[in-house]
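Notes follow the structure.
The values are calculated or read from the model by the stated rules, or taken from the named source; none is laboratory data. Just so it is clear, the model here is predicted, and its values are computed rather than measured. Methodologically, a virtual Cβ is constructed for each residue, glycine included, from the backbone with ideal geometry; neighbour enumeration extends over all protein chains shown.
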Amino acid sequence: MRKGTIALVGNPNSGKTSLFNALTGANHYVGNWPGVTVEKKEGFFEFEGEEYHVVDLPGTYSLGAFSEDEVIARNFILSEEAEVIIDVVDANNFERNLYLTTQLLEMGQKVVIALNMVDEAEKKDIFFDIEALSKKLGISVVPTVATRGTGLEDLIRRAVFVLNEGEVVKNPLRYDEVIEHHIEHVEEFLKEEELPFPLRWVALKVVEGDQALIESLLESEISEQAKTEIRNFARYHSSDNFELEIIDTRYRLTHEIAKGTVSRPEVQKVTLSDKIDKFVTNKFFGIPIFAAIMFVVFQLTFVIGEDLLGGAVASLVEHFGGWLERFLTLVSAPAWLISFMADGVINGVGAVVEFVPVITVLYLLLGFLEDSGYMARAAYIWDDLMRKFGLQGKAFVSMIIGFGCNVPGIMSARTLDNKKDRMITTLINPFMSCGAKLPIYSVFIAAFFPEHGGIVLFSLYFLGILIAMLMAKLFSKTLFKGESSYFIMELPPYRTPGAKNVLRNMWDNVYGFLKRAGTTVFAVVTLVWVLAVLPGSVEPYSQHSILGQIGTFIAPIFRYAGFGGWQEAVALFAGLPAKEAVVGTLGMLYAGQYVEEGSMLVNALQQNFTSLTALSYMVMTLLYTPCAAVLGTVKKETNSFGWTIFLALYTFAIGWLFAVAIFQIGSLLGFS
Amino acid sequence: MLKDILMIIERDRMILRSQISRELNIADTLVDDGIQQLIRMGFILEEETGADCVVACSNCPFIKSCQKEIVKTYQISQKGKDYLAQR
């Protein structure tokens, strides 16, 4: 004969299931709650010759109606199937768990608290005055360690006592005058009704605006007059924010209960994270610190990625190319195939693949910064400055994403909530140096600025940001006037970057780079190769080939920028489908023409460019028309061919202007 | 507590849990709960900053790096602004 039912309720991870297992041992069974897939655990235990039924309710932080678990727990408690509730409270998260307790008391239930995991709390120097706590709450509080069975007998004894003889305690919560007035008002028009739940709780829920309960009341058997009153109340007070006041009062109560009943070590007032933030997010030091960090990143990228590893990979690609060419000759492959494989694939696609170490190191370091929590600070410190340029700091998040690839950078602009910010962010994102531009910078730096790789790389990235911000200012003063909206940024605590996250971030970018090299770049290089060897009657790769003639036609555009050769012009246009193809095309067109040994492309560039024209060419590639994928994304996001064409043309014009300015001013100053 | 959290967020224009926790003398977990409650009640709107390319760019080589969220951002909703203005 079962004596009664006890329900276990508590927050997730409060040790509720351990307590259930300790109470019931092997005497339990698992089913489902009716109509849902949530697991229902039931069991029984014997105490002093009587058998008690135990139900383990789903773990929940509150008893609203906002999740399936909350609804199941709430409905079961209100069904009064359980004669007593054991509220399992995690001693390590006392105040948070107590929020649920306040709701149980409001429901007018018989409650006993199992203050669980007190052993762990004591290890953290958290101690409880059980007697004072019990007195403040008006219910029994029993310290337990469910995993060891500590305190279980006492808990059962108290629960059984409350079940048999205990009374429902007086609800300790009193709200402010306005809320209490409304509760009384609702109680007044519901007091004559047959309610399924306690009157005050129902009235409180109506005032709180609990839609699930209001709907169930409107569908119940209560009088039409009461239903009308409920509807009117909900309508008149929908914007009164009573829910906020009610929840706030519950939290205040938990805080007051904890005060004087719980002793814990003083919380460290200023953490290491705070000390770091004091400098890192400082109004004056923040941006210089960001610049210094990025400088170190680019310096390491170049030193490790290019100087230490780049040469080895380049040598590997060249050796493989030589071996492939000898093999194809040995098996008497047709001349066109040998030319295609050696000049097209190896010198074209291979020239791109050589820069995998640079990409790897850069994204390894950026991943490290992201996972440490620093990048969120970077976006925060840029907010003020961005605002001065007519944007909001979240645009900087899009810009950071754009450092990987401009496509997601532009797509992330859709989260900006006004059109002005969205459009400006979209139009300036292509000035961010994406991963595809890195091989172009790297090869030119290796050829002309090997001693200053880090500073040149850093300057290019910053020039991109600077031009983006200047254009943002111009657009916000002309095309897109209006205020930028404000947003709130979450700064996560600093943490040691996880190897898994950092390596995954790096691999995702390297994989993307390799995939593009094997698909888009390969296709572009193949097309360029075909145009470079046709017609068959002329010297392949010469100015008389189809490609040579196209290049000769467009090359004059770049004469004032210092690189008027047809190969350089063609390479820029080959970069429109994918920027990596600039390097691939240069690698193929210069292949074997000027170089005896060593890094072929680097040596070829040294014979075709000067330091000044190399700089001008790098700035052109940094700023000019973005790749086809970016243009496609702009079309999709703006739904306008007009803006897409505008972006393609204005970025080209900006790139050209800066390239010309660098070359002309540099020449005037005597640089070569 | 919820009102205080909302006011601090509005004042600082950022969410730094440790700072809110210290200022209000409450546990970090309670700050978390408070923010979740404010979001649920519609005083704060949670935003997505990671680009959503799943449908449009299933063949994009950068799809994996596209969907990450570098920074978590929020907005105070009109309901939140109205509430703060009343106080």
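Quick grid of which residues meet (1) closer than 17 Å to A:T621 by Cβ; (2) within 14 Å of chain B (Cβ to nearest Cβ); (3) of a type in the set (D, E):
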| site | (1), (2), (3) |
| --- | --- |
| A:L514 | no, yes, no |
| A:P535 | no, no, no |
| A:E568 | yes, no, yes |
| A:F573 | yes, no, no |
| A:L586 | yes, no, no |
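Exactly one of (1) outside any helix (DSSP H, G or I); (2) in contact with a Pro (Cβ under 8 Å, 6 or more places away or on another chain); (3) farther than 22 Å from A:V521 by Cβ is unmet by A:L647. Its number? It is condition (1) that A:L647 fails.
Considering region A:334-359, and only residues there that are surrounded by fewer than 15 Cβ atoms within 10 Å (Cβ to Cβ) and of a type outside the set (F, W, Y), the residue that is farthest from A:L438 (Cα to Cα) turns out to be A:P334. In the set (1) surrounded by 22 or more Cβ atoms within 10 Å (Cβ to Cβ); (2) under 16 Å from the mean Cα position of the chain (by Cα), A:M375 fails one condition alone, (1). A count restricted to region A:35-69 and to residues that are buried (at least 18 other Cβ atoms within 10 Å of the Cβ) and within 14 Å of another protein chain (Cβ to nearest Cβ) stands at 5.
Applying a threshold of 8 Å to beta carbon distances and a minimum spacing of six or more residues, or different chains, the list of pairs starting in region A:431-444 at a residue that is modelled with pLDDT under 90 and crowded, with 24+ Cβ neighbours inside 10 Å and ending at one that is aliphatic (A, V, I, L, M) and assigned to a loop (DSSP other than H, G, I, E, B) reads A:A436/A:A578. Report, by residue number, each residue of region A:199-225 that is of a type in the set (K, R) and under 17 Å from B:Q37 (Cβ atoms). Within region A:199-225, just A:K205 meets the criteria. Residues that are over 38 Å from the mean Cα position of the chain (by Cα) and assigned to a helix (DSSP H, G or I) within region A:95-132 comprise A:L105, A:E106, A:I130, A:E131, A:A132, listed in sequence order.
Scan region A:479-509 for residues that are closer than 18 Å to A:M386 by Cβ and not small (G, A, S) and report the count. Let's see the steps before the verdict.
Pass one, region A:479-509, residues closer than 18 Å to A:M386 by Cβ: A:479-491.
From what is left, the residues that are not small (G, A, S) are A:479-481, A:483, A:486-491.
Counting residues in region A:479-509 that are closer than 18 Å to A:M386 by Cβ and not small (G, A, S) gives 10.
For region A:457-511, the set of residues classified as in contact with a strand residue (DSSP E or B) (Cβ under 7 Å, 6 or more places away or on another chain) and of a type in the set (A, V, I, L, M) consists of A:I488, A:M489, A:L491, listed by residue number.
Can you tell me how many residues within region A:372-400 are in contact with a strand residue (DSSP E or B) (Cβ under 8 Å, 6 or more places away or on another chain) and assigned to a helix (DSSP H, G or I)?
Pass one, region A:372-400, residues in contact with a strand residue (DSSP E or B) (Cβ under 8 Å, 6 or more places away or on another chain): A:376, A:379-380, A:383, A:393-394, A:397.
Checking the rest, the ones that are also assigned to a helix (DSSP H, G or I) come to A:376, A:379-380, A:383, A:394, A:397.
Total satisfying the criteria: 6.
Name every residue in region A:232-259 that is of a type in the set (G, A, S) and either under 34 Å from the mean Cα position of the chain (by Cα) or farther than 21 Å from B:D4 by Cβ (or both), in order of residue number. Hits for region A:232-259 are A:A234, A:S238, A:S239.
A count restricted to region A:227-254 and to residues that are crowded, with 19+ Cβ neighbours inside 10 Å and either of a type in the set (A, V, I, L, M) or in contact with a Phe, Trp or Tyr (Cβ under 8 Å, 6 or more places away or on another chain) (or both) stands at 9. When A:V530 is tested against the conditions (1) at pLDDT below 80; (2) under 25 Å from A:G348 (Cα atoms), the lone failure is (1). Residues in region A:364-397 that are at pLDDT 80 or above and at the interface with chain B (Cβ under 8 Å from one of its Cβ atoms): A:E370, A:M375, A:A376, A:A379, A:Y380.
Selection within region A:15-28: residues that are at pLDDT below 85 and assigned to a loop (DSSP other than H, G, I, E, B). The member of this set that is surrounded by the most Cβ atoms within 10 Å (Cβ to Cβ) is A:N27.
For A:D119, indicate whether it is touching a strand residue (DSSP E or B) at 6+ places or on another chain (Cβ under 9 Å), farther than 16 Å from A:I86 by Cβ, of a type outside the set (V, I, T) and exposed (fewer than 14 other Cβ atoms within 10 Å of the Cβ). Spelling it out, it is not the case that A:D119 is touching a strand residue (DSSP E or B) at 6+ places or on another chain (Cβ under 9 Å), farther than 16 Å from A:I86 by Cβ, of a type outside the set (V, I, T) and exposed (fewer than 14 other Cβ atoms within 10 Å of the Cβ). Applying the criterion of at least 1 residues that are touching a Gly at 6+ places or on another chain (Cβ under 6 Å), more than 7 Å from every other protein chain (Cβ to nearest Cβ) and modelled with pLDDT of 85 or more to the helices (runs of 4 or more DSSP H) found wholly in region B:1-68 leaves B:2-12.
Restrict the check to region A:362-371 and report whether at least one residue is in contact (Cβ under 8 Å) with a residue 40 or more places away in the chain, of a type in the set (D, E, K, R) and part of a helix (DSSP H, G or I). Checking region A:362-371: at least one residue is in contact (Cβ under 8 Å) with a residue 40 or more places away in the chain, of a type in the set (D, E, K, R) and part of a helix (DSSP H, G or I). On the stretch given as region A:238-295, residues that are under 26 Å from B:S77 (Cα atoms) and either assigned to a helix (DSSP H, G or I) or acidic (D, E) (or both) total 12.
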